[in-house]
There are 2 protein chains.
Amino acid sequence: MSEFLSARYENMKPYVPGEQPKDMQYIKLNTNENPFAPSSAVAKVIKNFDVEKLRLYPTPENKELKVALADYYKVEIENLFLGNGSDEVLALIFMAFFDKEKEVCYPDISYGFYPVYADLYCLKKNEIAVNSDFSIDVDAFIKTEKNIVIANPNAPTGMAISAKEIEQIVAANLKRLVVVDEAYIDFGGESVTGLVNKYRNLIVVQTFSKSRALAGARFGIAIADKKIIYDLEAIKFSFNSYNVNRLTEAVALEAIKDEKYTQKCVKEVIKNREWLSTQLKNLGFEVLPSSTNFVFARTNEINGYELYAELKRRGILIRQFNKERISEFVRITIGTMEQMKTLVLEIESILKK
Amino acid sequence: MSEFLSARYENMKPYVPGEQPKDMQYIKLNTNENPFAPSSAVAKVIKNFDVEKLRLYPTPENKELKVALADYYKVEIENLFLGNGSDEVLALIFMAFFDKEKEVCYPDISYGFYPVYADLYCLKKNEIAVNSDFSIDVDAFIKTEKNIVIANPNAPTGMAISAKEIEQIVAANLKRLVVVDEAYIDFGGESVTGLVNKYRNLIVVQTFSKSRALAGARFGIAIADKKIIYDLEAIKFSFNSYNVNRLTEAVALEAIKDEKYTQKCVKEVIKNREWLSTQLKNLGFEVLPSSTNFVFARTNEINGYELYAELKRRGILIRQFNKERISEFVRITIGTMEQMKTLVLEIESILKK
């Protein structure tokens, strides 16, 4: 830390992304990436990209892409905000709407970036404990008077609550903002994007990193009431006017249009997830019910860290969180069937030892 | 504005990027883009890009690109911070280092984003007036005890101060941070990247949007002492871990390696700039001495806004700032010689009326 850093960051604990070791070729099941390539339409648009255009700034409005997204999500373009990944979208939402007066709360077990944003913006960390079965405590969120951020399905548990329950939370108090982070929604959750025209206190965040296999292109969106989007645009134009580059624009446009391929990949991931869950249960694991592209599981046979470390030695990366309540769990990204089979064999072999 | 926006943004005035009207095909000389295409190596790397890789997050360290940049700038990779355009780099610098105690000052006539960042982070706007000839008041910056942001060459004046003068400012008080925004440095200024190992209170910011013709790919960097970079990385990992996407990484890597092409474009731009400056002076304009890829000029014959509006009607976009001290000026981006000739003919025709 330099002597120049603002004193407000004294206690900052930055987010720690999943490791990307380079010492060997790993089966990478630790950052919830899609095991399948992006759409062939994405490949085509990159191959034919008019590179001369890169000399020009993107249009700050990203109009063409917004029109396609509006069509897909059945909203107007004024309901859409685009970002350099959904992490940026979330970072700007925290920046815009939460402060010492307008506090925010989120589940104690959820996406690790929420407390990091809270630190960054010097917000009080109001955590609402998930239930003993790791489901989100819907009643507590209905009752709180604070702004809310919920991941649905939740991470790293993988568990979803229903659209009905989200609506109950949103409708219970229109004076607070409810941010629903739907990063994993396409793998089995019920999206509430359809509610943004009904409630002016709802923001739905989605990403193209998961179901659309574009983690490397960085693209995320927020869908909300026009006034909310207006605020986010004002913040964006005060932070980085051209936050979505021309290549990402082109790629996201093709991805949103190729819904057929997205659904094909999603189906395959779900199939592999159900297969893996069954196998893990057969091996004695408790597997939380997942609506995502990962499973969260534990066993009495071996603790979370040991299983993670042993699998890493065998060339498979999974994720384990050194955090209260969940340290015995491992989070495993759903890969190809071949990867899942290798994983199960290695876990069997580890448990036999 | 929604009822949910934090009260601290009440007076926020977002940055206004140069217009991008779609009603007709304009000669676009209003956002200081490079008139030439990016390097052919950039085109090649995009054409051959392994799209399957987009399913994976970028490596948050951007190691390969940092190694190439370290080689180019003769620093270590720990001296480098990468961003989604230099606007993001600047936004994160303001976020990290400036607050109510650690105030910042900048020239009154400079890049329009500095006061916007000040607003965004609720900072006092300490402006130091440029001299009557629009040059930066070096003595005033030597004397101030506040942190400093200077664009060198400055925008929209185009005027540079020497590396010696920057060093005088940096050396005068090691307790404050000096940020030198070198967005336009390749067009004639003296870079101070060589000083980052000598002074731990210096940050140099550069962009690939101008001399490397990659405005549409969004890539900017900061070069500074390792402790400063460490702080910026902590802020980045608290805001958006993967801020530079895989396509931009690939493109920036090729651009930094093709220095020969960059220099060829720069030479052409400088030649066209000198030609345009002479022509404008012959037409009675005062043209500030430019070390950038634009000129800042005024004439008694027609005021800045009228000239801007008349040229727009004729299909040429330039920029004019409705701001005290400079409203009579126009800022004209240097284009191809053909564009410059068309521009001069149109200005002649406007002045004759």
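Structural remarks
- Put simply, of A:Ile142, A:Ile93, A:Ile150 the only residue that is free of Cβ contacts under 8 Å to residues at least 60 places away in the same chain, in a helix (DSSP H, G or I) and aliphatic (A, V, I, L, M) is A:Ile142.
- Residues that are within 30 Å of B:Phe94 (Cα to Cα), surrounded by fewer than 24 Cβ atoms within 10 Å (Cβ to Cβ) and of a type outside the set (Ser, Thr, Tyr) within the range A:237-273 comprise A:Phe237, A:Glu249, listed in sequence order.
- Residue-level check: of (1) in contact (Cβ under 8 Å) with a residue 12 or more places away in the chain; (2) crowded, with 17+ Cβ neighbours inside 10 Å; (3) closer than 30 Å to A:Asn173 by Cα, B:Leu5 misses just (1).
- Qualifying residues in the range B:151-188 (those that are surrounded by 24 or more Cβ atoms within 10 Å (Cβ to Cβ) and small (Gly, Ala, Ser)) - the one nearest to B:Ala297 (Cα to Cα): B:Gly158
- Exclusive hit being over 20 Å from the mean Cα position of the chain (by Cα) and away from chain B (no Cβ under 11 Å), set A:Lys267, A:Lys236, A:Lys227, A:Lys257: A:Lys257
- Of residues in the range A:36-57 being in contact with an Asp or Glu (Cβ under 8 Å, 6 or more places away or on another chain) and in a loop (DSSP other than H, G, I, E, B), the one farthest from the other protein chains (Cβ to nearest Cβ): A:Ser39
- Residues satisfying the stated conditions in the range A:17-32, i.e. within 8 Å of chain B (Cβ to nearest Cβ) and either at pLDDT 90 or above or more than 29 Å from A:Gly158 (Cα to Cα) (or both): A:Lys28, A:Thr31
- Residue in the range A:346-353 that is part of a helix (DSSP H, G or I) and within 25 Å of A:Pro153 (Cβ to Cβ) present: yes
- Meets criteria (within 29 Å of A:Ser86 (Cβ to Cβ), of a type in the set (Gly, Ala, Ser) and not in a loop (DSSP other than H, G, I, E, B)) for B:Ala297: no
- Single unsatisfied condition, A:Ala129 versus (1) more than 8 Å from chain B (Cβ to nearest Cβ); (2) under 17 Å from A:Glu182 (Cβ atoms): (2)
- Number of positions in the range A:58-79 that are at pLDDT 95 or above, among the charged types (D, E, K, R) and either outside any helix (DSSP H, G or I) or not assigned by TED's automatic domain parsing to the domain that holds A:Glu182 (or both): 2
- Residue match in the range A:37-52 (condition: surrounded by fewer than 19 Cβ atoms within 10 Å (Cβ to Cβ) and within 22 Å of the chain's Cα centre (by Cα)): yes
- The single residue among A:Ala160, A:Ala215, A:Ala222 that is in contact with a Gly (Cβ under 9 Å, 6 or more places away or on another chain) and under 22 Å from A:Asp99 (Cα atoms) turns out to be A:Ala222.
- For the range A:58-73, taking the residues that are more than 7 Å from chain B (Cβ to nearest Cβ) and either in contact with a Ser or Thr (Cβ under 8 Å, 6 or more places away or on another chain) or free of Cβ contacts under 8 Å to residues at least 40 places away in the same chain (or both), the one that is nearest to B:Lys53 (Cα to Cα) is identified as A:Lys66.
- Just one residue in the set B:Val130, B:Val104 is among the β-branched types (Val, Ile, Thr), in contact with an Asp or Glu (Cβ under 7 Å, 6 or more places away or on another chain) and crowded, with 17+ Cβ neighbours inside 10 Å; that residue is B:Val130.
- Just one residue in the set B:Ile316, B:Ile326 is surrounded by 13 or more Cβ atoms within 10 Å (Cβ to Cβ) and touching a Leu at 6+ places or on another chain (Cβ under 9 Å); that residue is B:Ile316.
- Selected residue (only one of B:Asp99, B:Asp87, B:Asp119 is within 24 Å of B:Arg331 (Cβ to Cβ) and surrounded by fewer than 23 Cβ atoms within 10 Å (Cβ to Cβ)): B:Asp119
- Here B:Lys47 passes the criteria (1) touching a residue at least 12 places away in the same chain (Cβ under 8 Å); (2) assigned by TED's automatic domain parsing to the domain that holds B:Val244; (3) in contact with a Lys or Arg (Cβ under 8 Å, 6 or more places away or on another chain) except the one numbered (1).
- Verdict on B:Asn32 being in contact with a Ser or Thr (Cβ under 6 Å, 6 or more places away or on another chain), crowded, with 18+ Cβ neighbours inside 10 Å and in contact (Cβ under 8 Å) with a residue 40 or more places away in the chain: yes
The values are calculated or read from the model by the stated rules, or taken from the named source; none is laboratory data. Please read these numbers as outputs of a predicted model, since none were measured by experiment. Backbone-built Cβ (ideal geometry, glycine too); neighbour counts: all protein chains shown.
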